[in-house]
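Trainee: Sharing a structure with you now.
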Amino acid sequence: MSLRCLDHPLAAHLVAVLRRAETPPERFRAVASDLSRMLALEATRYLRTRTVEIQGPLETTTGEVLDEPIAAVPILRAGLGLLEPIAHMFPDVTVGYIGLERDERTAIARSYYCKLPNLQGRFTLVIDPMLATGGSASQAISFVKGAGAERVCLLCVVAAPQGVRRLESDHPDVEIVTAAVDRDLDGRKYILPGLGDFGDRLYGTV
Ligand code: PRP
Ligand code: URA
């Protein structure tokens with residue numbers, strides 16, 4: 001399994017803004033969106049391209065165009081906060097949705113919604129900003145594989161070592177692209193230092 005952490009001063013700055021407790025939802029959403037663009041660029045770094053001939057204003061040249069269909073699958077709710085910039089950058093993207101919610105007591109995720117297109121042959125981005133125990137991401141990845149996905153990348157903002165280890169064991173073939181790898185989980189399985197509950201901060205439901 002490959003784990004790639006964004007290595008860019010702007011990404012570090014944006015993560016710091018998200019971590020700050022007083023960042024209001026409006027700013028949180030805007031910063032999450034900017035970070036999503038950076039994560040998506042890194043995640044799609046190795047997309048297949050093909051060479052085409054281009055008639056420019058002065059002469060004919062060649063260029064590279066994307067040649068690999070992609071799919072984006074946000075995990076509700078928090079993953080929705082990262083979807084829009086990806087759909088904007090990749091207008092041909094196919095989008096599926098998975099609803100998962102952790103039980104507040106056990107931190108075990110329960111699935112409440114799943115609408116996936118056929119993912120065969122599509123580079124599939126599973127979008128979930130927080131990789132804590134890894135239970136949600138692991139279930140979601142099983143669902144997308146069940147829908148035919150073979151090449152899967154998990155996009156997240158903050159990953160805990162426990163979640164990374166869980167995916168290494170459950171889905172060793174999957175790539176992870178994250179903006180930060182944090183220290184630990186607390187007793188309630190929240191990431192430390194983390195940024196709190198991403199969905200609550202995104203939608204002002206704290
Ligand atoms: C959060 C987060 C992830 C999950 C991560 O979702 O968005 O989906 O927890 O935790 P895990 O790695 O331990 O499974 P939550 O269940 O709080 O739902 P929400 O997005 O609707 O707030
Ligand atoms: N989900 C979140 O939103 N934050 C955490 O720290 C863990 C799970």
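The values are calculated or read from the model by the stated rules, or taken from the named source; none is laboratory data. If you're wondering where the values come from, they're calculated on a predicted model, not measured in any experiment. Positions of Cβ are generated from backbone atoms using ideal geometry, with glycine treated the same way; all protein chains shown enter the neighbour counts. Areas reflect the complete protein model, heavy atoms only, side chains present, ligands, DNA and RNA absent. Shrake-Rupley method; radii C 1.70, N 1.55, O 1.52, S 1.80 Å.
Trainee: Here are some residues: R29, R37, R45. Which one is open to solvent by 60 Å² or more (accessible area, probe 1.4 Å), at pLDDT 95 or above, in contact with a Gly (Cβ under 7 Å, 6 or more places away or on another chain) and not in a strand (DSSP E or B)?
Mentor: Working: R37 fails: in contact with a Gly (Cβ under 7 Å, 6 or more places away or on another chain); R45 fails: in contact with a Gly (Cβ under 7 Å, 6 or more places away or on another chain).
The conditions single out R29.
Trainee: Would you say T94 is within 12 Å of ligand 1 (Cβ to nearest atom) and hydroxyl-bearing (S, T, Y)?
Mentor: Considered against the rule, which asks whether it is within 12 Å of ligand 1 (Cβ to nearest atom) and hydroxyl-bearing (S, T, Y), T94 comes out as no.
Trainee: Next question. Would you mind telling me which numbered condition in (1) closer than 18 Å to E175 by Cβ; (2) not in a loop (DSSP other than H, G, I, E, B) E101 fails?
Mentor: The number of the failed condition is (1).
Trainee: Residues being part of a loop (DSSP other than H, G, I, E, B), near ligand 1 (Cβ under 10 Å from one of its atoms) and touching an Asp or Glu at 6+ places or on another chain (Cβ under 8 Å): count how many of those fall in the stretch 120-140.
Mentor: The total comes to 1.
Trainee: Could you say which residue among V174, V181, V158 is modelled with pLDDT of 95 or more, more than 11 Å from ligand 2 (Cβ to nearest atom) and under 18 Å from A109 (Cβ atoms)? Spell out how you get there, then give the answer.
Mentor: Numbers: V181 fails: under 18 Å from A109 (Cβ atoms); V158 fails: more than 11 Å from ligand 2 (Cβ to nearest atom).
It is V174.
Trainee: With respect to F90, is the statement that it is open to solvent by 10 Å² or more (accessible area, probe 1.4 Å) and touching a strand residue (DSSP E or B) at 6+ places or on another chain (Cβ under 6 Å) true? Talk me through it step by step, then tell me what you get.
Mentor: Values: open to solvent by 10 Å² or more (accessible area, probe 1.4 Å): yes; touching a strand residue (DSSP E or B) at 6+ places or on another chain (Cβ under 6 Å): yes.
Yes; evaluated as a whole, the condition is true for this residue.
Trainee: In addition: Would you pick out the residues in the stretch 141-171 that are open to solvent by 10 Å² or more (accessible area, probe 1.4 Å) and near ligand 1 (Cβ under 9 Å from one of its atoms)?
Mentor: Result: Q162, R166.
Trainee: When you scan the stretch 13-26, how many residues do you find that are assigned to a helix (DSSP H, G or I), open to solvent by 70 Å² or more (accessible area, probe 1.4 Å) and not basic (K, R)?
Mentor: 2
Trainee: Still on this structure, I have one more. Restrict the check to the stretch 176-183 and report whether at least one residue is over 19 Å from A72 (Cβ atoms), outside any strand (DSSP E or B) and not acidic (D, E).
Mentor: Initially, the stretch 176-183 is screened for residues over 19 Å from A72 (Cβ atoms), giving 180-183.
Next, from what is left, pick out any that are outside any strand (DSSP E or B): 182-183.
Of the ones still in play, those that are also not acidic (D, E) are 183.
There is at least one residue in the stretch 176-183 that is over 19 Å from A72 (Cβ atoms), outside any strand (DSSP E or B) and not acidic (D, E).
Trainee: Here is a further query. Between a residue in the stretch 98-119 that is within 11 Å of ligand 1 (Cβ to nearest atom) and any residue that is β-branched (V, I, T) and open to solvent by 70 Å² or more (accessible area, probe 1.4 Å), which pairs come within a Cβ distance under 9 Å, given they are 6 or more apart or on different chains?
Mentor: If the second residue must be β-branched (V, I, T) and open to solvent by 70 Å² or more (accessible area, probe 1.4 Å), the pairs left are R102/I108.
Trainee: Then there's this: Please count how many residues of the stretch 48-81 are under 24 Å from V144 (Cα atoms), open to solvent by 40 Å² or more (accessible area, probe 1.4 Å) and assigned to a strand (DSSP E or B).
Mentor: Going through the stretch 48-81 one residue at a time, the tally reaches 2.
Trainee: So, one more: Only one of these is in contact with a helix residue (DSSP H, G or I) (Cβ under 7 Å, 6 or more places away or on another chain), open to solvent by 10 Å² or more (accessible area, probe 1.4 Å) and under 26 Å from A16 (Cα atoms): D128, D200, D186. Name it. Give the steps one after another, and end with the answer.
Mentor: Details: D200 fails: in contact with a helix residue (DSSP H, G or I) (Cβ under 7 Å, 6 or more places away or on another chain); D186 fails: in contact with a helix residue (DSSP H, G or I) (Cβ under 7 Å, 6 or more places away or on another chain).
Matching residue, one of D128, D200, D186: D128.
Trainee: Okay, next question. Take V95 and tell me if it is open to solvent by 10 Å² or more (accessible area, probe 1.4 Å) and either aliphatic (A, V, I, L, M) or at pLDDT below 95 (or both).
Mentor: Judged against the criteria, V95 is a match.
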